[in-house]
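The values are calculated or read from the model by the stated rules, or taken from the named source; none is laboratory data. Values in this document were obtained by computation on a predicted structure and should not be read as measured data. Backbone-built Cβ (ideal geometry, glycine too); neighbour counts: all protein chains shown. Heavy atoms of the whole protein, side chains included, go into the accessibility calculation; ligands, DNA and RNA do not. Shrake-Rupley method; radii C 1.70, N 1.55, O 1.52, S 1.80 Å.
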Protein chains: 2
Amino acid sequence: MIIDCHGHYTTAPTAHNSWRESQLTAFLAGRPVPDYPAISDDEIRESIEQNQLRLIRERGADMTIFSPRASAMAHHEGDELVSGQWARACNNLIARVVGLFPDTFIGVCQLPQSPGAPLKSSVAELERCVLELGFVGCNLNPDPSGGKWTSPPLTDRYWYPIFEKMAELDVPAMVHVSSSCNPNFHATGAHYINADTTAFMQLIQGDLFADFPGLRLVIPRGGGAVPYHWGRYRGLADMLKKPPLSEHVMKNVFFDTCVYHQPGIDLLFQVIDVGNILFGSEMVGAVRGIDPETGHYFDDTKRYIDAVHLTDADRARVYSGNARHAYPRLDTALRARGR
Amino acid sequence: MIIDCHGHYTTAPTAHNSWRESQLTAFLAGRPVPDYPAISDDEIRESIEQNQLRLIRERGADMTIFSPRASAMAHHEGDELVSGQWARACNNLIARVVGLFPDTFIGVCQLPQSPGAPLKSSVAELERCVLELGFVGCNLNPDPSGGKWTSPPLTDRYWYPIFEKMAELDVPAMVHVSSSCNPNFHATGAHYINADTTAFMQLIQGDLFADFPGLRLVIPRGGGAVPYHWGRYRGLADMLKKPPLSEHVMKNVFFDTCVYHQPGIDLLFQVIDVGNILFGSEMVGAVRGIDPETGHYFDDTKRYIDAVHLTDADRARVYSGNARHAYPRLDTALRARGR
């Protein structure tokens, strides 16, 4: 079985995205928010069948852990209430996708974060999504300011309410920023990768997993810059008098395989323990073209993994075992279906 | 000949660093700046001989392109005048090191940048350092705010005065941030690597080298996250309708080899053309320990390069030819000495 841990609903029906625009316009104008539009099952089916589902089948995967479009979370827009309405609408739409394609998709939620706001509403939305919608995790934005980086580091107690709820519900978070309102940072070319790198370094500096020994975080895009600079991070941990990374961080952190070329994937598998790697593609996402050097889609990451020399057991861990371990509620759901 | 393109005077005499502290204290108190202290040649000799010079010899290099301590530039402290005094003091000290060890060190200057300030004083200091002190380049901080990222991207016209002066003097810049005053970003574990990645993506988005076809920029630490995500950057350039990276960026950009483990260096050489790679170590710098996996210093990057399979001609380019090309004034100085 092959589970892609990293997919967003980047192809949501136009009416959904238009409602977001009118929501923000209404907020800025001080007008009431318009009603969320009617979206038919057929519209949802079509948006999935022609895109994610087609590609999942073509590329030979079975299932995707599916969440709202990350770049559209835009926690820096509006306020806490606006983020709450938007997160709820996005998560409900994911639940409809999962309801229509229960064998192929399982949900991960967007949180209603807002710069400076407490995490109380995020805790409530996580609980709703897990307990009522059957979701198995959340996306946690370490920078809800969208590239201004005004929140405290992830190891700060500011974040503890969401970690406490994650621990209680036994669900992981993917650490995932959204779009950037800072012109220095291209969203998918700088902000995303920087955030992945930054989060990992925050975890080295802090001691979060002493307080939350069972907490699991997925750092996407192959851990940002981390595996390429693995010697730097091992050396910095040593200089900061921290235990080796294998003990200090890597019992609780996973990297996905959203690294869009063979040499990068090879490096990932060379330096990171196979138990910490989850198959992911983030398709249909940031990089949608075909690599002229290979003739295949950049984000068809399964091809790269298939080309890595792995034992069958290790390959099975990367393709599904590690995901079932990191997302226990996914494992429970699959077992209930005999998978 | 082996030229390390990336060394900072991290071991400057205490009196120099103490003066900086008293300068900032005086600024905050509104008092006049104290006089710069007397520092003897012997103090400078000792600080170099026991550290950089010893390690250069032990590791088998010949020369270091040497600049003030990057983390201490701290352009976000004080104001433009304070940055001007500090840059001048730091650059003069580098000139003294070069004067004492002319066969081993050649200077690169710190610029008196300050958040929001125009680049006029940086242009003047660059000119002074090149024409009066014999320096061969500068360190350009893309984020003088120290982790708040309040300046425009490097491709913005804000930066053009310094690029114009660099073009006129035919000197390159290393793109190098300083310390971080944003608690999200560990300086050497996040801010540095993020800035390297960010600068590269800005260069993809913009078209800086159309305006400055001869401009040369060195992006340190092996290009941040870029080689690990080389497929992503090739794919993003394509999505942004830019020419291939080899034409659009890599005629003007070099990566150094400050990547502190063998797999990272191997990847760098696998994906980046050897003509774009400059030997660098950034020692004595961010990571000062010994790698327990190898028994050697993390930042002894020459060992990793020696282990890469390269032709003699390519090895010579990485060790000196590319640096002499990127820093023409270094080449001129060496030729004048018959080297």
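General remarks:
- Taking the range A:1-115 as the region of interest, the helices (runs of 4 or more DSSP H) fully inside it that hold 2 or more residues being in contact with a Ser or Thr (Cβ under 9 Å, 6 or more places away or on another chain) are A:41-49, A:52-59, A:80-100.
- Checked against the criterion of being farther than 25 Å from B:Gly264 by Cβ, part of a helix (DSSP H, G or I) and touching a strand residue (DSSP E or B) at 6+ places or on another chain (Cβ under 9 Å), the candidates B:Phe200, B:Phe135, B:Phe209 yield just one match: B:Phe209.
- Taking residues in the range B:112-128 that are touching a residue at least 40 places away in the same chain (Cβ under 8 Å), and partners anywhere that are of a type in the set (D, E, K, R) and open to solvent by 10 Å² or more (accessible area, probe 1.4 Å), the pairs with Cβ atoms closer than 6 Å and at least 6 places apart or on different chains are B:Val123/B:Lys165; B:Leu126/B:Lys165.
- Going through (1) within 14 Å of chain A (Cβ to nearest Cβ); (2) buried (at least 21 other Cβ atoms within 10 Å of the Cβ) one by one, B:Leu126 falls short only on (1).
- Failed criterion for A:Asp266 (all others in (1) within 12 Å of chain B (Cβ to nearest Cβ); (2) among the acidic types (Asp, Glu); (3) touching a His at 6+ places or on another chain (Cβ under 9 Å); (4) surrounded by fewer than 24 Cβ atoms within 10 Å (Cβ to Cβ) hold): (3)
- Restricting attention to the range B:168-183, the residues that are surrounded by fewer than 20 Cβ atoms within 10 Å (Cβ to Cβ) and in contact with a Pro (Cβ under 9 Å, 6 or more places away or on another chain) add up to 2.
- Among (1) open to solvent by 10 Å² or more (accessible area, probe 1.4 Å); (2) of a type outside the set (A, V, I, L, M, F, W, C); (3) touching a residue at least 12 places away in the same chain (Cβ under 8 Å), the one test that B:Arg157 misses: (3)
- Filter result (open to solvent by less than 50 Å² (accessible area, probe 1.4 Å), of a type in the set (D, E, K, R), in a helix (DSSP H, G or I) and closer than 19 Å to A:Gly7 by Cα) within the range A:297-329: A:Lys302, A:Arg324
- The set of residues from the range A:165-202 being of a type outside the set (A, V, I, L, M, F, W, C), free of Cβ contacts under 8 Å to residues at least 60 places away in the same chain and more than 8 Å from chain B (Cβ to nearest Cβ) comprises A:Lys165, A:Glu168, A:Ser180, A:His191, A:Asp196.
- Single residue of B:Asp291, B:Asp273 found to be surrounded by fewer than 24 Cβ atoms within 10 Å (Cβ to Cβ), at pLDDT 95 or above and within 8 Å of chain A (Cβ to nearest Cβ): B:Asp291
- With respect to the conditions (1) part of a helix (DSSP H, G or I); (2) out of contact with any Ser or Thr (no Cβ under 7 Å at 6 or more places or on another chain); (3) not polar (S, T, N, Q), B:Ile162 lacks only one, and its number is (2).
- Number of positions in the range A:203-232 that are open to solvent by less than 10 Å² (accessible area, probe 1.4 Å) and either away from chain B (no Cβ under 14 Å) or modelled with pLDDT under 95 (or both): 4
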